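Right, one structure below, let's go through it.
Each value in this text was obtained by applying a stated rule to the coordinates, not by laboratory testing. From a predicted model like this one, the values you see are computed outputs, not experimental measurements. Counting neighbours? That spans all protein chains shown, and the Cβs are built from the backbone with ideal geometry, glycine included.
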Amino acid sequence: MKILVTGSKGQMGQEFQIIARGDPDYRYLFTDIEELDITDSIAVSKLIRTEKPEIIINCAGYTAVDNAEQETEKAMIINGAAVEILSKAANENESLLIHISTDYVFDGTSCTPYNEDALPNPVSVYAKSKFEGEQAVSCYANRGIIIRTSWLYSSHGHNFLKTILKYGRERESLNVVFDQIGTPTYAKDLCRTIREILPMLSTHWGVELFHYTNEGVASWYDFAKAIADLAGLNCRILPIESKDYLQLTSRPFYSVLNKTKIKSRFGITIPYWRDSLLDCIVELEAGKG
């Protein structure tokens, strides 16, 4: 079976490239903007008709949360309209579309973990664009899986982990917000899980929504403190409130996702976030990322 992976230069795309090297059961086709502009309906339709992938994993996306407030149209096209294009093209080939979404579709006012039935209420441009992508899959895909995740990091690309490691080596202290709660998620764990459940999705029809993050709960302060501790940084991590940290758009104050559905449906075990963080830091130190 052939798998088309979009956004191959992103965190998840690069993790899937590593998986592909040791995966004899699937043939992978990796594309990024240079090979395939997912906002171009003609190009997308042509590639899918030609390559005929049984599975499409959409790892592409506009992820600059603050910049989205100024680049509204761009965010909406990449995260929303492009997903509609992919959904329609997937239908032409009866491909299964796996689309990655975000905890940001929730407003963060809950005090208990969000399950898949919770009502989304996106408040930022980025959040609205990602929710539009979810709606596109629901409306236009005959075979679709939406996976919401949160606080992605890996040994590839730009992310919170790498930011803390960089500045933690350069500065004596860092201020990090303690009143935003969620779960750090190692992109490698998410990609491995998707690969693990693929055989169970071979006959899947309709559109279904799942939540996936690592296990456990943390604030951004907890996340940063764990990075500093596990990496042996001498930098002090200082907790501050969100109101004292300048950002163009607000983040959900609480966006913990309930993962009961994906665990029970597929019988998977999800690693604890701090264990996965250590694995990633070890990988970075070994120079593999």
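What are the ³J(HN,Hα) couplings of segment 113-123, residue after residue, when phi is run through the Karplus curve with 6.51, -1.76, 1.60 and θ = phi - 60°? Round to Hz, x for glycine and proline.
So the J values, rounded to whole Hz, are x, 6, 9, 5, 8, 5, 7, x, 8, x, 10.
Of ASN58, LEU29, GLN70, whose Cα points farthest to the positive end of the dipole of segment 1-88 (charges on the beta-carbon: +1 Lys, Arg; -1 Asp, Glu; origin at the Cα centre)?
LEU29
About the Cα centre, and with charges only on the beta carbon of Lys, Arg (+1) and Asp, Glu (-1), how big is the dipole of the chain? Nearest 20 debye, please. Spell out each step's value before the answer.
On the way: 30 positive and 38 negative charges, 89 e Å.
Dipole size: approximately 420 debye.
Given H placed 1.01 Å from N in the peptide plane, which residues other than close sequence neighbours of ASN115 have an amide H under 5 Å from its amide H?
Under 5 Å from the amide H of ASN115 lie the amide H atoms of ASN258, each far enough along the sequence or on another chain.
Charges on Cβ only, +1 for Lys and Arg, -1 for Asp and Glu, centred on the Cα centroid of segment 125-208; of PHE131, HIS156, CYS191, which one is farthest towards the dipole's positive end?
Checking the options against the dipole of segment 125-208, the answer is HIS156.
Within the set LYS128/LYS243; LYS9/LYS166; LYS9/LYS130; LYS52/LYS162; LYS52/LYS130, which residue pairs have Cα atoms separated by over 30 Å?
LYS52/LYS162
Going out from 0 in 10 Å bins, what whole percent of all Cα-Cα distances in the chain drops into each bin?
6, 28, 37, 22, 6, 0
Over the chain, with a Gaussian network built from C-alpha contacts below 10 Å, which listed residue (SER150, SER276, SER41) shows the highest mean-square fluctuation?
Of the options given, SER41 has the highest mean-square fluctuation.
Most mobile of GLY267, GLY108, GLY13 per a Gaussian network model of the chain (Cα springs, under 10 Å)?
GLY267
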